[in-house]
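First comes the structure, then the notes that go with it.
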């Protein structure tokens, strides 16, 4: 009897936390499916063409930067109304020489410890005073769709001062890349479409974002985390009362992780950033929640959620424990939560990605779970040092 009571007292807080995770995600998934909020009125024509600076922070990205520059120069936006700035950190001399043959600005930077936020902050400080009305942030591997800047300009015409575009996979050539692409689209559905459907700000994702230059510059100087600057930037904007729009038709194509080693490195950085964010913003988040400031409060609540791969693995493990021990409450509870999470993911993942998933790819998932667990054990390293995610890997495609 005592052992049973003790087990319930131990399992109750764990079960409650997992229930909170699953119901939070389900509510966003359903909201995103039932209600579509349009942040740009249909058929809207541009009032004027704002001057836009596209900032591309790039650390040792010699492999992909030329291809990205070529793709991003194909904008349908007037060529005299936007400039591309490549923030080149630790590039080879021959890459820098090639870049100077393109109509882009090359800002060479060097830091003792390189981070994306340092590159962006320095670039913002170097931009000509009052020249630009909008700053767009893109990654070194990202390709903006030809109408991306048009969509951003229309959003600012509509009164928005911060927007997040629709980042999607540029590649699905390996099982890891397919699962990473699925994760991206689940995030888009939950934390952008779902949150906007509920009247909340869209979450930032690190690229495909646009801001008023001075507001972004002010926020960037206040960052305290080493990685995952987008979470902190999002919170600082919301604390200023700036709501963030989501532009589902403003596509920006992002290279997805293609192998398990890079996946682990990337997730280690993300987990460390999430934990750092909670450490720094726990008092602020609680205060915003008590004051009913839902945008900033949601930014904090979202950081309490387990990464979905770990959540899925935890629930599967719980079901297994219930089966082995014969503990019916655990089996029923974990099984129910696993079913709800499965429905949430089914709602959130677009059909075209399911078509790319092969039977062989399914066996990649347990290995991803193992790498996520390894990431948890290594996050302390990423709290002190920025972990770079390399791009332009050469990986054999799924089709050979």
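Please treat every number below as a calculation from the coordinates, not as lab data. In this text the structure is predicted, and so the values were computed from the model without any measurement. Here the Cβ is made from the backbone with ideal geometry for all residues, glycine too, and neighbour counts use every protein chain on show.
The distance separating the Cα centre of the stretch 78-99 from that of the stretch 111-183 comes to 15 Å.
The convex hull built on the alpha-carbon positions of the stretch 105-168 has an orientation-averaged projected area of 5.6 nm². Against the chain, whose longest principal axis is taken from its Cα atoms, helix 328-348 shows a tilt of about 20°. Each of the peptides 211-218, 122-129 was scored by the mean count of other Cβ atoms within 10 Å over its residues; in descending order, highest first, they stand as 211-218, 122-129. Dividing the summed -39500 (n - 2.57) terms of all DSSP H runs of n ≥ 4 by the residue count of the chain sets its mean residue ellipticity at 222 nm at -17000 deg cm²/dmol. In plain terms, if you count all Cα to Cα distances in the stretch 52-273 and split them into 5 Å steps from zero, the share in each step is 1, 7, 14, 19, 22, 19, 12, 5, 1, 0 percent.
Arranged from fewest to most other beta-carbon atoms within 10 Å of their beta carbon, 261, 94 become 94, 261.
Sorting 155-168, 288-301 by average packing, meaning the other beta carbons within 10 Å per residue, from highest down gives 155-168, 288-301. Each eigenvalue of the Cα gyration tensor of the chain, multiplied by 5 and square-rooted, gives one semi-axis; in descending order these are 37, 24, 21 Å.
Using only Cα atoms, find the angle between the long axis of helix 175-187 and the longest principal axis of the chain, and express it within 0 to 90 degrees, rounded to the nearest 10. Long axis of 175-187 versus the principal axis of the chain: about 90 degrees. Counting every C-alpha pair in the stretch 170-236, the share spaced more than 21 angstrom apart comes to 39%.
Axis angle, to the nearest 10 degrees, between helix 148-157 and the longest C-alpha principal axis of the chain: 90 degrees. Over the Cα atoms of the stretch 243-374, the radius of gyration divided by the Kirkwood radius equals 1.01; this is the Rg/Rh ratio.
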